[in-house]
1. Helix 343-356 versus the longest principal axis of the chain: what is the Cα-based angle in degrees, 0 to 90, to the nearest 10?
2. Expressed as a rounded percentage, what relative contact order does segment 283-393 have, with Cα pairs under 8 Å and six or more residues apart?
3. Suppose a student asked you for the relative contact order of segment 188-267, using Cα pairs under 8 Å spaced at least 6 residues apart; what percent would you report?
4. How far, in degrees from 0 to 90, does helix 313-335 lean away from the longest principal axis of the Cα atoms of the chain, to the nearest 10?
5. What fraction of the DSSP beta bridges in the chain is antiparallel, stated in percent and rounded to the nearest 5?
6. Could you grab the relative contact order for the chain? Cα pairs under 8 Å, six or more apart, rounded to a whole percent.
7. Tell me the angle of helix 297-308 to the major Cα principal axis of the chain, expressed in degrees between 0 and 90 and rounded to the nearest ten.
8. What is the Cα coordinate range of segment 152-246 on the first, second and third principal axes, sorted by size from largest, in whole angstrom?
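Read the figures in this text as sums done on the coordinates, not as results from a lab. Here the structure is a predicted model, which means the values were calculated and not measured.
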């Protein structure tokens, strides 16, 4: 649990600090005064002023912020609009205020965090691809075509139940094992699996399987029962077919671009899956499929725990890199959406100013960010409650 917590906080810290560092350094580049660089959301736990900037740790470790001089404070962690900074700024500092800068400079500062998370994801996935030999597998839901990569779809047979004292239990097969072959014949479908077992009742069969969690491969001779107990089957296993797609970045061009194309492929695939879940939810008139496809901090923490428990060091590193890369590119994408309280929401108001030639009323923007932040925190609470309920079940 302690190791899981440390790894979880390390991943979260790197993602947040890289994001906020983008805002920080671009603001510094333009000479904008940075009042505070905070990890987590207020209230403040600890802070130290170095130069003109306060560096702080805050109680809610789910994000971070960079507070710029002359910026609407509702979007920087203080959920309350204040009087115009113009009324408070010293004449000598006014040129360093965020509000006094050009639309282009303000937009660049806002977008810097998104750009940094995107670059981080690219770096992570180049490392992931190099370590994995430019090959990886994904569970395939529905149909999807990945670009700039060779792909091969296969069907795995996953054991999810093992009856007590059954032939499968006696040779050590456990739930969530992948059946690899029977008598050296690769198992490519549930129909093929059932046919081979049915044809070999009472006979010795060489069964090969792989633990999905540990990736450990095993072989054993098993004898399917001729007259098994009711509802147990000849082997005594319950199973389901699962499609997977093997992605191979083989050509020089594919390998050279893999750090860019793979996260793009993952995002496109995730949206395809999300669309499928929404379609199922609409058809069945329930939000359950969508809610099961979304996780918050608790769900991510649980996933980190599962990865940390993987005994194979290489596989553990790959899965941690994959998780960090996916979180980074997801953070970049969702942060740029025009939702008040996020970077994209702030950028949206800057774009309105660019089109109309007039700044949006500060109170209106402040209240918009305040409401957006409240809704986002409420969503996080709901997802967290769902994750905790799932873990308890």
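1. That works out to roughly 50 degrees.
2. In percent, rounded to a whole number, it is 31.
3. RCO, segment 188-267: 22 percent.
4. Here the helix axis deviates by roughly 40 degrees.
5. Given both bridge residues lie in the chain, the antiparallel proportion sits at roughly 90 percent.
6. Averaging sequence separation for qualifying contacts and normalising by length gives 19 percent for the chain.
7. Taking the Cα atoms of the chain, the angle to 297-308 is about 50 degrees.
8. On the principal axes, segment 152-246 reaches 38, 25, 22 Å in Cα extent.
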